[in-house]
């Protein structure tokens, strides 16, 4: 399973965000983290994106970890976060093959975030 974690903030929040990154609990051993990657834009501020990958059977445990991780950033005034769950194309195609209906696949996929 793949989860994209996004953080958006102004330069005024930068040091608080950096401190929070530095004190965040380590990513669990069952989870692979790619990033975070940082992008800035004068009008929109600073954005980070992190990609978390883990086995589907660890989904509940991973979601609890990610919720706690991103709540730490949400506690900083001026910071907004989002976490998005994405299916791999292999899983989506398998579900489509099993159901033969895009509508049925959409009904089966229940994202937590």
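Before moving on, here are some points about what is shown:
- In the stretch 76-92, residue farthest from residue 11 (Cα to Cα) [restricted to those that are more than 17 Å from the chain's Cα centre (by Cα), modelled with pLDDT of 80 or more and surrounded by fewer than 16 Cβ atoms within 10 Å (Cβ to Cβ)]: 77
- Among the residues examined, residue 60 does not qualify as out of contact with any helix residue (DSSP H, G or I) (no Cβ under 6 Å at 6 or more places or on another chain), exposed (fewer than 12 other Cβ atoms within 10 Å of the Cβ), closer than 19 Å to residue 3 by Cβ and in contact (Cβ under 8 Å) with a residue 24 or more places away in the chain.
To keep it simple, each residue is scored yes or no on (1) closer than 30 Å to residue 92 by Cβ; (2) in contact with a helix residue (DSSP H, G or I) (Cβ under 6 Å, 6 or more places away or on another chain).
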site: 2; (1), (2): yes, no
site: 8; (1), (2): yes, no
site: 13; (1), (2): no, no
site: 19; (1), (2): no, no
site: 22; (1), (2): no, no
site: 30; (1), (2): yes, yes
site: 37; (1), (2): yes, no
site: 41; (1), (2): no, no
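- As a summary of the residue check, residue 29 satisfies the conditions (1) loosely packed, with under 12 Cβ neighbours inside 10 Å; (2) in contact with a strand residue (DSSP E or B) (Cβ under 6 Å, 6 or more places away or on another chain); (3) in a loop (DSSP other than H, G, I, E, B) except for the one numbered (2).
- In the stretch 40-52, the residue that is surrounded by the most Cβ atoms within 10 Å (Cβ to Cβ) out of those that are part of a strand (DSSP E or B) and at pLDDT below 95 is 45.
- All of 40, 50 fail the test of being over 11 Å from residue 1 (Cα atoms), in contact with a strand residue (DSSP E or B) (Cβ under 9 Å, 6 or more places away or on another chain) and in contact (Cβ under 8 Å) with a residue 40 or more places away in the chain, apart from 50.
- Residue 70 vs. criteria assigned to a loop (DSSP other than H, G, I, E, B), at pLDDT 90 or above and either farther than 30 Å from residue 104 by Cβ or within 12 Å of the chain's Cα centre (by Cα) (or both): no
- If you go through the stretch 1-13 and keep only what is surrounded by 14 or more Cβ atoms within 10 Å (Cβ to Cβ) and within 13 Å of residue 47 (Cα to Cα), you end up with 4, 5, 6, 7, 8, 9, 13.
The values are calculated or read from the model by the stated rules, or taken from the named source; none is laboratory data. In this text, all values refer to a predicted model and were calculated from it rather than measured experimentally. Every residue, glycine as well, gets a Cβ built from its backbone with ideal geometry; the counts of neighbours run over all protein chains shown.
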